[in-house]
Amino acid sequence: MLCSTSCSDYLDIVPEGTPSMDNAFSNRINSFKFLHTCYSYLPSWDQGGSIGFLAGDEHWLMPKGTGFIDQRISLNAWEIGRGEQNNNDPYQNFWDGGNGGTNLWVAIRDCNIFLENINKPLDLQNYERTRWIAEVKFLKAYYHYYLFMLYGPIPIMDTNIAVDASQDEVRRYREPVDDVVAYISNLLDEAYKDLPSKITDPGQEMGRITQPIAKAVKARLLLYAASDLWNGKFPYPDWKNKNFETPGYGKELVSQVYDPDKWERALTACKDALEWAEGEGGCGLMTTKESAILMGNQGLNLGELDVPVDGVTEEFKKHVYLMRYLVTSRYSDGNREMIWGLADDGGVVMASLPVHVVKVDGGPWRSGYSGYSPLLNSVERFYTKEGELPRIAANKGTFAEEDSWYESAGRSNADIIKLNTNREPRFYAWLSFDGDQYSPRISGGKPLVLNLKKGEAQGWNRTEFARDHCVTGYMSKKFIQPDLNWGTNWSNNEKSYPRPLFRLAELYLSVAECLAALDRPKEALTYLNVVRERAGIPDVTEEMLNDMPAMDWIRNERFVELWGEGLRYYDARRWMIAPEVFAAGVRKGLNMEQVEEPTFEELNQPVIVNQDYKWENRMYLAPIFANETYKNPQMVQAPEY
């Protein structure tokens, strides 16, 4: 019922003293339930519900109408990536609720109700009350932050509107971006003081908010606020409030003046978050030491792993396994890198896995959906084993020449092309391709080597799988546990792991980005190279800044290290490179769909993904449901909707 209300309905006519409200805070148990209600609005991380996961340029889905996305994935987030957002029935509507979005104003309203009433239960210990208040302050700040990420300037709902409020008080308006950012930042600071530094009882409290989480959110908030979109380059300078003026700002919503101090504030916040996470928060980058223990516990060994790398070493293979375990292990497994994760429904695993994984004894094939297809845009951004971009390395003569990338590499498996050889560990940990060992135990305890040319293998079998097929010639294995084993007797050892919202490597890259923006490239490389070293590739040296400036190295590293974790869409928007990387005709793959049972030569041709998608600058902001701006003349619609 709440999700169907409009902005002007929800904001806040909150009756006080009702029997249900009195009961909600009558004792500790009921109050704790209300605390869980405040948590329940957190946007989910799943295969169809994450804008960041589906609306960017990392991977793509099969065409609409084939059945897969219609039946197995929510279309809402992907429709945004296809350029279909609208104001008549917005996709991923977190303003009013609907089409994959939750009404976050209701979430904020409930947070305010909690904060106004948590003094009532008499059986609640003060230390616990203090912590709960801090958690709800954080959640209130986070819901404002999430709305800001989508809608830019938004109303600030610090308190609920009283039942006897006037019509003008009920009609909310957008606040200037700088005020919104300052409000969220200050509220996060308030919350931080009374949050625990870490979870001491993972069995009972994992997922609850800690100090490192609050600092990480603030760091990302200020990083985004310092970026081009909100720091002097907003593409709609004439977009302003029409019927409301903010003291000190007038009708302006987004400043058109570049402010370097925003980068200084972001740098301070990012460094603080990083230092606190690694100190009191007990976080640390996952290393090959922790992954080796997991390998031993799961009975895996380096000899099982096959990667097409000349002179491959055990150390290289250790880093491949490390990067696989990075997102398929828990705190209890020794993974201290994740600052904040959310539960996944497991759909990303089935959507990633290929068809024809293993044949059941006397029965059918067990198959995934082949749903997520990494784009050539992704493939070309991962580094070579020497830590260079393939195109730059090719020009230097340290990687295959570009005009030979789609030729056979002449390995024992001739299906492997030169572009897919001698790449970095993360490439082999997270991406798969024709001739690649997808996973060492997945097929009844044996490795599965992909054959994307044959429909009887993992290619597009138009008879058996009219809908399930890879569209780019690449597949994702980022969230596939290394020991996954689908048995010939229908057995399955699949486990569910939290999906990262924030992890430590992002903070290193955020500090590096701030330093580069402040023209301190040498210092920036120090933080960048921590992430590269952990990934098993050489440092970026000062000499390599002749190939690309520090900021470009950092942005590309962010693309690779955080690939498939839901950040790329927001990064491209805040850097204002979306018109370049999300435009129609730029998403490419191999020739998987034009020829049935393609030959090697027919498959290995770069082609534009034959689907409708586009970018328009209005997509920098999400629209508000048109009825809301009609009912509330103080609420201006996003530009060009």
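Of note:
- Where helices (runs of 4 or more DSSP H) fall wholly inside region 203-314, the ranges with 3 or more residues that are touching a strand residue (DSSP E or B) at 6+ places or on another chain (Cβ under 6 Å) are 211-226.
- Scanning region 439-483 for residues that are farther than 29 Å from L322 by Cα and hydroxyl-bearing (S, T, Y) gives a single hit, T463.
- Checking E424, E402 one by one, the residue that is of a type in the set (D, E), touching a helix residue (DSSP H, G or I) at 6+ places or on another chain (Cβ under 9 Å) and in contact (Cβ under 8 Å) with a residue 24 or more places away in the chain is E424 and no other.
- Of all residues in region 502-534, those that are within 19 Å of the chain's Cα centre (by Cα) and of a type outside the set (D, E) total 10.
- A count restricted to region 157-196 and to residues that are open to solvent by 20 Å² or more (accessible area, probe 1.4 Å), farther than 21 Å from N243 by Cβ and not hydrophobic (A, V, I, L, M, F, W, C) stands at 12.
- Per-region count, region 485-502, residues open to solvent by less than 10 Å² (accessible area, probe 1.4 Å) and either in a helix (DSSP H, G or I) or farther than 30 Å from R366 by Cα (or both): 1
- Per-region count, region 156-202, residues in a helix (DSSP H, G or I), of a type in the set (D, E, K, R) and farther than 20 Å from Y224 by Cβ: 3
- Taking first residues from region 80-103 that are touching a residue at least 40 places away in the same chain (Cβ under 8 Å) and aliphatic (A, V, I, L, M) and partners that are buried (at least 22 other Cβ atoms within 10 Å of the Cβ) and in a loop (DSSP other than H, G, I, E, B), the Cβ contacts under 7 Å between residues at least 6 apart in sequence or on separate chains come to I80/A55; I80/Y91; I80/Q92.
- Condition check for N451 on (1) over 23 Å from the mean Cα position of the chain (by Cα); (2) open to solvent by less than 10 Å² (accessible area, probe 1.4 Å): one failure, at (2).
- Among residues of region 251-281, those that are hydroxyl-bearing (S, T, Y) and under 13 Å from L221 (Cβ atoms), counted: 1
- For A414, the criteria (1) of a type in the set (G, A, S); (2) farther than 18 Å from R324 by Cα; (3) buried (at least 20 other Cβ atoms within 10 Å of the Cβ) hold in every case but one, which is (3).
- Selection count where residues are closer than 22 Å to R330 by Cα and in a helix (DSSP H, G or I), scope region 503-529: 5
- Hits in region 407-435 - residues which are small (G, A, S) and under 27 Å from the mean Cα position of the chain (by Cα): A429, S432
- Here K522 meets the list (1) in contact with a helix residue (DSSP H, G or I) (Cβ under 8 Å, 6 or more places away or on another chain); (2) more than 15 Å from H319 (Cβ to Cβ); (3) among the charged types (D, E, K, R) almost entirely, failing just condition (1).
- Of the residues making up region 332-356, those that are within 23 Å of E506 (Cα to Cα) and either aromatic (F, W, Y) or part of a loop (DSSP other than H, G, I, E, B) (or both) are G334, N335, R336, E337, W340, A343, D344.
- So P202, is it surrounded by fewer than 18 Cβ atoms within 10 Å (Cβ to Cβ) and at pLDDT below 95: yes
- Region 345-364 residues that are at positive phi, paired with ones that are of a type in the set (A, V, I, L, M, F, W, C) and part of a loop (DSSP other than H, G, I, E, B) (beta carbon under 7 Å, 6 or more apart): H356/A457
- Pair list, Cβ < 6 Å and 6+ apart or interchain, from region 305-318 residues that are open to solvent by less than 30 Å² (accessible area, probe 1.4 Å) to residues that are of a type in the set (S, T, N, Q): P308/T421; V309/N422
- Of residues in region 579-605 being hydrophobic (A, V, I, L, M, F, W, C) and out of contact with any Asp or Glu (no Cβ under 9 Å at 6 or more places or on another chain), the one least open to solvent (accessible area, probe 1.4 Å): M592
- Residues satisfying the stated conditions in region 125-156, i.e. over 24 Å from the mean Cα position of the chain (by Cα) and open to solvent by 10 Å² or more (accessible area, probe 1.4 Å): Q125, N126, Y127, E128, R129, T130, R131, I133, I156
- Answer residue from region 606-641, given it is of a type in the set (D, E, K, R) and out of contact with any helix residue (DSSP H, G or I) (no Cβ under 9 Å at 6 or more places or on another chain) and is surrounded by the most Cβ atoms within 10 Å (Cβ to Cβ) among those: R618
- Sub-7 Å Cβ pairs linking a first residue in region 457-486 that is closer than 17 Å to N420 by Cβ to a second residue that is in a loop (DSSP other than H, G, I, E, B) and β-branched (V, I, T), at least 6 apart or interchain, are Q458/V355; T472/V609; K478/V327, ordered by first then second residue.
- Listed by first and then second residue, the pairs linking a residue in region 48-60 that is closer than 17 Å to E84 by Cβ and open to solvent by 10 Å² or more (accessible area, probe 1.4 Å) to a residue that is modelled with pLDDT under 85 and not basic (K, R), with Cβ atoms under 7 Å apart and 6 or more places separating them unless they lie on different chains, are G49/S74.
- In region 21-31, the residues that are in a helix (DSSP H, G or I) and either more than 36 Å from the chain's Cα centre (by Cα) or touching a residue at least 12 places away in the same chain (Cβ under 8 Å) (or both): M21, D22, N23, A24, R28, N30, S31
- Residues located in region 484-495, provided they are within 14 Å of L353 (Cα to Cα) and either out of contact with any helix residue (DSSP H, G or I) (no Cβ under 7 Å at 6 or more places or on another chain) or modelled with pLDDT of 95 or more (or both): L484, N485, W486, N492
- The residues listed here are V540, V531, V511; of these, the one that is crowded, with 20+ Cβ neighbours inside 10 Å and touching a Cys at 6+ places or on another chain (Cβ under 8 Å) is V511.
- From the options S227, S291, residue that is farther than 28 Å from Y192 by Cβ and open to solvent by less than 20 Å² (accessible area, probe 1.4 Å): S291
- 1 or more residues of a type in the set (A, V, I, L, M, F, W, C) and in contact with a Leu (Cβ under 8 Å, 6 or more places away or on another chain): qualifying helices (runs of 4 or more DSSP H) within region 555-639: 600-603
- Against the conditions (1) in contact (Cβ under 8 Å) with a residue 40 or more places away in the chain; (2) surrounded by 17 or more Cβ atoms within 10 Å (Cβ to Cβ), D333 satisfies every one except (2).
The values are calculated or read from the model by the stated rules, or taken from the named source; none is laboratory data. Everything numeric here is computed off the predicted structure, so don't read it as measured data. Reconstructed Cβ throughout: ideal geometry from the backbone, glycine too, with neighbour counts over all protein chains shown. Areas reflect the complete protein model, heavy atoms only, side chains present, ligands, DNA and RNA absent. Shrake-Rupley method; radii C 1.70, N 1.55, O 1.52, S 1.80 Å.
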